[in-house]
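Asks: Pasting a structure here, questions to come.
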Amino acid sequence: MIKKKNLVEVGDYVRRKKDGAVMIVTKDEEATLYVDDDRIGVTDANFYLEHGAIEKVNNEQIEKVVKYIKYIIENVEMLNNALDYALRVAEIEEQNKRYREAIRECIERMDEGGTGTRSFVYEKLIEALEGE
C-alpha cells in the first residue's frame, strides 16, 4: 500500500472556498468536523484540499491579512482618540458657556448693587465652578 503525501501539515492555514473562512490545520483529535469555523484536522484538510473544497494559504497571504488587520486596528484607535477629543472639546465648550453665563449674571448683580450682592456673586461663581 502506498502512503499518500500530506498536502498540508499541522500548523498550516487553509481557506474554505465556499465562504473564504481561514482555518488552522490541527491534529485530527483536536479539531471537530469540517464545519468548524477556525480549525480543521489534518486528515480532513488533505481530503478537502485534494477535492478542491479548500486551498492552502501561504505565509505571504497571512502576513498581508495580519498587516491589514493591524492597519484597521490603528485606524480604529485613531478614530477613538478623535472621538475622545471631540467629547472633551464639547465638555470644555459647555463649561465655558456656564462660566460666561455666571460672570454675566454676577456683573449684572454687581451693577444693581444692594444687600446680598457679595453672597450672590460668591454662590453663583461656586455653582459655575462645580458645574451645577
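Computed from the coordinates by the stated procedures, all read-outs in this text should not be read as laboratory data. Every value quoted in this text rests on a predicted model; they were computed, and no experiment measured them. Here the Cβ is made from the backbone with ideal geometry for all residues, glycine too, and neighbour counts use every protein chain on show.
Asks: Between a first residue in segment 112-132 that is within 14 Å of Arg98 (Cα to Cα) and a second residue that is of a type in the set (Asp, Glu) and assigned to a helix (DSSP H, G or I), which pairs have beta carbons less than 6 Å apart while being 6 or more apart in sequence or on different chains?
Replies: Listed by first residue and then by second, the contacts come to Lys124/Glu105.
Asks: Something else now. Does segment 106-114 include one or more residues that are of a type in the set (Lys, Arg), surrounded by 13 or more Cβ atoms within 10 Å (Cβ to Cβ) and over 32 Å from the mean Cα position of the chain (by Cα)?
Replies: Taking segment 106-114 and keeping what is of a type in the set (Lys, Arg), we get 109.
Those still in the list that are surrounded by 13 or more Cβ atoms within 10 Å (Cβ to Cβ) too: 109.
Now drop any that are not over 32 Å from the mean Cα position of the chain (by Cα), which leaves 109.
Scanning segment 106-114 turns up at least one residue that is of a type in the set (Lys, Arg), surrounded by 13 or more Cβ atoms within 10 Å (Cβ to Cβ) and over 32 Å from the mean Cα position of the chain (by Cα).
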